[in-house]
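Down below is the structure, laid out as structure tokens.
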Amino acid sequence: MKEEKMFNKMKMFKRIALVIFYSLILTVNLRVYGNGLPDSIPLKVLILGNSITWHGAKPAVGWSGNWGMAATSVDKDFVHLLRSKIKTASPETEISWANIADSFERKFWKYEASDFKKFKAWNPDLIVLEIGENIDDTLAVKHLLGKHLDRFARELSGGKDIKICLVGSFWPNQHVDKIMMDASARNHWIYVDLQGLYKDRNKNTAIQQYQNQGVGMHPSDIGMENIANRIWNEIQHLFK
């Protein structure tokens, strides 16, 4: 009788131990990628965008900076503001960025994969795509932007399970934003909505600071800050 009680107690202890064990596993894996793999803090963040991300000096249009167009200084563009937030949360994380307006954005349906080998070779853990402003709404539908975004993300990731963050258009671009939202939902990517910022042009654009309209349409310091904040609001959980 004593042996039977002892045996039952041992069975009960084993069950309790198993429950605790599996509970710990579930707790550890609460933060996961869309495909169910464990998440981790991104140690390499790649930001690919257009002139809002980076643009070299162009005196012909009155732009002398070497950072996100229309920001008054390098530390005021959204990339450097976002970089500061990321580095504060994760000092070990590296951040790199580039302008891909001509190599992808304006010709997304016929881009050359070879142009992006260096980004793939860098092995980023998180890719932020700030594109859309230079994509014609009609061409986005005609040339199936969503399909090419899927392909582009696969090529950049090199088959690895990484995070992708799509940033919607700063300038109104209805079809492009809808396609990006659908692609994000389909692939479990992060989507950042910038809609509404351009409506307050006197505040969020540099239209009053530059004679050239093309430059002035870009985000002002306040606009850049709002973009950085919106992106950070959607990705900050990755750095905790």
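The values are calculated or read from the model by the stated rules, or taken from the named source; none is laboratory data. Everything quoted here is computed from the prediction, not taken from an experiment. Note: ideal-geometry Cβ built from the backbone for every residue, glycine included; neighbour counts use all protein chains shown. Ligands, DNA and RNA are excluded from the accessible area calculation, which covers all protein heavy atoms including side chains. Shrake-Rupley method; radii C 1.70, N 1.55, O 1.52, S 1.80 Å.
Computed with every protein chain present, the accessible area of Asp193 is close to 70 Å² [probe 1.4 Å]. Amide H contacts under 5 Å for Trp67: His55, restricted to partners 5 or more places along the chain or on a different chain, H placed in the peptide plane at 1.01 Å from N. Note that segment 141-147 has calculated 3J(HN,Hα) couplings of 6, 4, 9, 6, 3, x, 4 Hz, one per residue in order, obtained from phi through the Karplus relation 6.51 cos²θ - 1.76 cosθ + 1.60 (θ = phi - 60°); glycine and proline are x. Extents of segment 44-130, taken as max minus min of Cα coordinates on every principal axis and listed largest first, are 39, 34, 15 Å.
Taking other residues whose beta carbon is less than 13 angstrom from the beta carbon of Met181, and scoring Lys, Arg as +1 and Asp, Glu as -1, yields -2. Taking all protein chains together and rolling a 1.4 Å probe, Leu149 ends up with roughly 0 Å² accessible. Karplus-based coupling profile of segment 122-128, in residue order and whole Hz: 6, 6, x, 9, 9, 10, 9, with θ = phi - 60° in 6.51 cos²θ - 1.76 cosθ + 1.60 and x standing for Gly or Pro. Each other residue within a Cβ distance under 10 Å of His143 adds +1 if Lys or Arg and -1 if Asp or Glu, for a net charge of +3. Computed over segment 132-231, the P(r) curve from all C-alpha pair distances, binned at 10 Å from the origin, holds 15, 40, 31, 12, 1 percent per bin.
For segment 55-156, the Cβ-based charge dipole about the Cα centre amounts to some 180 debye (Lys, Arg positive; Asp, Glu negative; other atoms uncharged). Amide H contacts of Glu94: Lys44, Val45, each under 5 Å away and 5 or more positions distant or on a separate chain (H built 1.01 Å from N in the peptide plane; Pro and chain starts excluded). Residues in segment 96-145 average 48 Å² of solvent-accessible surface per residue, probe 1.4 Å, ligands and nucleic acids excluded. I need to check one value: relative contact order of segment 47-135, counting alpha carbon pairs closer than 8 Å and at least 6 residues apart, in percent. Averaging sequence separation for qualifying contacts and normalising by length gives 37 percent for segment 47-135.
Structure note, pairs Lys87/Lys240; Lys120/Lys160; Lys76/Lys107; Lys118/Lys147; Lys44/Lys117: Cα-Cα distances above 18 angstrom occur for Lys76/Lys107; Lys118/Lys147. Couplings for segment 80-95, taken from phi via the Karplus curve 6.51 cos²θ - 1.76 cosθ + 1.60 with θ = phi - 60°, read 6, 5, 5, 4, 4, 5, 5, 5, 5, 7, 9, x, 7, 5, 9, 10 Hz in order; Gly and Pro are left as x.
Look at where the Cα atoms of segment 164-200 and of segment 85-109 average out, and the two centres are 16 Å apart. Placing Thr53, Thr72 in order of accessible area, with the largest value first and a 1.4 Å probe, yields Thr72, Thr53.
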